[in-house]
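Here the structure comes first, spelled out in structure tokens, and everything after it is commentary.
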Amino acid sequence: MTRRVRNVDVDDWDDGWGDDSWGGGWGGGWDEGYAKPKPKPKPKANVIPGMAPAKAKSSAKSAPKAKPDAKPKAEAKAEAKAVKETLEAEVELPPEAPQDDRPTISLVVVGHVDAGKSTLMGHLLCLVGQVSSKQLHKFEKESKEMGKASFFYAWVLDEGDDERSRGVTIDVCVKHFSTKSRQFTILDAPGHRDFVPNMVRGAVQADVAILVVDVSHFEAGFDRGGQTKEHLQLIRALGISNVVVAVNKLDTCNWDQKVFEETKRRVNDYMVGPEVGFKQSSVNFVPLSGFSGENMLERKEPKLSWWTGPTLVEALDQLPPPPRPSSTAPLRLCVSDVYRSGANTCLSGKVVSGTISVGQKVVLQPSNEQTVVKSLQMRDAPARSARAGDHLDSVLVPVEPQFASIGGVISDRSTVPVSDTLQVQILVFETEVPLMRGAQLMCYLHTETLTATLVRLEKLIVKGETQDRRPKCLVKGNNAIVWLQLNEKVCVEPKSQSSAMTPLSRFVLRDRGRTVGAGVVLAVQ
Ligand SMILES: Nc1nc2c(ncn2[C@@H]2O[C@H](COP(=O)(O)OP(=O)(O)OP(=O)(O)O)[C@@H](O)[C@H]2O)c(=O)[nH]1
């Protein structure tokens, strides 16, 4: 990990955050690689763009007598004024938006490859008015020209050239829509086994999942080799407890109720069974066709008259609001994307706790770069602030992109630990070989992809009781406390330190393309 040292005026940062702002907590303070506080005075006109201009000015005023190389007073004053004006102009405060108190829910869409995830979500966005008929017509025409006519709804979400020509989702696509009493962010995840890491990146940002099951190829997706079970294990391990199961492509079996019931029985048995353990009350099934749109917003098909339950939109609208940390909790925005925007950097991701506002001083971790939020974009519109649960399309900050990273965190004065040595509790899934000390695995920790070495097997946990004897190896079903050494330092929040379970404490381990375990971080070194 690259850490940059930057010459920053600490006094400006202390302003408004109190004296102890940087001292406490994990990795907080002016830690390694970061400039130590220097005595006054030293405000440089061009440090920390976006800093409160009044302070910069007063610091400049309180500077001691001119050093030999100092600028003449008038010139320094003019420079400070110019900086103040630039900074004021830089923070983009949009007009106050009407308050929307509908709970926000991030929804990951998972399921075996070609189950119809993108088609279902693309069609849903059309039905709720998020896609214009002009746009849809364009997709229809272009997909036909490419010989992929049946994918035109999927094109609403599959925006990459590769995705469109291959007819598969590769990366997670983020879109928004609202129902009567909920606001949703959709994370459309890929189903192909080669892209499971991308699916995990979508799932870690989600509160709830839609599992899409294709009745026309049920066995291929459900039994060994299919992704349905693996996706269910993953979302459960990543902390998702509510699932809407879309039993899809019912048009291909003439809306046969028996097919629906049998599919429901098989999937439900697995979901509430010992391997994944969802609560029965948190699993809902909806029969539908993502392509024809039947039972998504409305039920029109006479052959589906046997169904008296909700439509997909009704089922989504009835989802319980996810629990959120208190509004006074520290800011944690998990970064899922980073890109340059002129002289600034744009980050996107989900606020998992606290609030973020335009003009707020924040820290980009793990680089520990301090900056100011210039603008926010949420649900395709400028925003003044965002709270826990909101997914931000863009947080614009006036720093170079190398200070930000996917898998990083935007924090406030109370930062998260940054570590490469983790004590974790893992549950072992399927493994070809027992996991022993020295095993090298892929580790997916929120949006980070890392390699992890199993450096110490500490204890087995049997029926909730920690055993004294240290295990020699771990096999399927074992629940154990172990130490992982990562290939680089990452932002991580041990379970004990966060008021709620955040994505910063959950991880998944994979080996040779298979998920071998998942767990939660207990402590860091
Ligand atoms: N008959 C029928 N076909 C459908 C339905 N939903 C999707 N399909 C077709 O299934 C194929 C795959 O659809 P996609 O939406 O790309 O599937 P996906 O699950 O998003 O695929 P990946 O993201 O690549 O895993 C396309 O040809 C769709 O037209 C449906 O309800 N009925």
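How do the peptides 406-412, 309-315, 278-284 rank, highest first, by the average count of neighbouring beta carbon atoms within 10 Å per residue?
Per-residue mean Cβ counts within 10 Å order the peptides as 406-412, 309-315, 278-284.
Peptides 244-253, 292-301, 114-123, 157-166: what's the order by average Cβ count within 10 Å, highest mean first?
Sorting 244-253, 292-301, 114-123, 157-166 by mean packing, highest first, produces 114-123, 244-253, 292-301, 157-166.
Given a Förster distance of 35 Å, report the FRET efficiency between Glu275 and Arg102 from their Cβ-Cβ distance, rounded to the nearest 0.05.
Given R0 = 35 Å and the Cβ-Cβ separation, E is 0.50.
With a probe of 1.4 Å, find how much accessible area region 146-190 has per residue, and write the answer as a whole number in Å².
38
Looking only at region 200-221, which residues have a backbone nitrogen under 20 Å from a spot 7 Å from the Cα of Asn268 in the C-beta direction?
209-216, 218-219
Under the Kirkwood approximation applied to all pairs of distinct alpha-carbon atoms, what is the hydrodynamic radius of region 263-379 in Å?
Its Kirkwood hydrodynamic radius stands at 18.7 Å.
Tell me the label-point distance for the pair Glu142, Asp194, using the 7 Å Cα-to-Cβ offset, in nm and rounded to one decimal.
Distance between label points: 2.2 nm.
Around Glu458, under 15 Å between beta carbons, what's the net of Lys plus Arg minus Asp minus Glu among the other residues?
Overall, the nearby charge balance is +4.
What is the distance in Å between the Cα centres of region 273-350 and region 463-525?
Cα centroid to Cα centroid, the span is 27 Å.
Hey, with R₀ at 30 Å, roughly what FRET efficiency would Ser327 and Val128 work out to, going by the Cβ-Cβ distance, to 0.05?
Step by step, r from the Cβ atoms, then E = 0.55.
Among residues other than Val520 whose Cβ falls under 12 Å from its Cβ, what is the net charge (Lys/Arg +1, Asp/Glu -1)?
In short, +1.
Would you kindly find the accessible area of Met436, with a 1.4 Å probe and non-protein molecules such as ligands, DNA and RNA excluded, rounding to the nearest 10 Å²?
Per-residue accessible area (Met436): approximately 100 Å².
Could you give the spread of the C-alpha atoms of region 350-402 along their three principal axes, from largest to smallest, in whole angstroms?
So the three principal-axis extents are 27, 20, 17 Å.
The values are calculated or read from the model by the stated rules, or taken from the named source; none is laboratory data. Worth saying up front: this structure is predicted, and the values here are computed from it rather than measured. As a convention, Cβ positions derive from the backbone with ideal geometry for all residues, glycine included, and neighbour counts pool all protein chains shown. Ligands, DNA and RNA are excluded from the accessible area calculation, which covers all protein heavy atoms including side chains. Shrake-Rupley method; radii C 1.70, N 1.55, O 1.52, S 1.80 Å.
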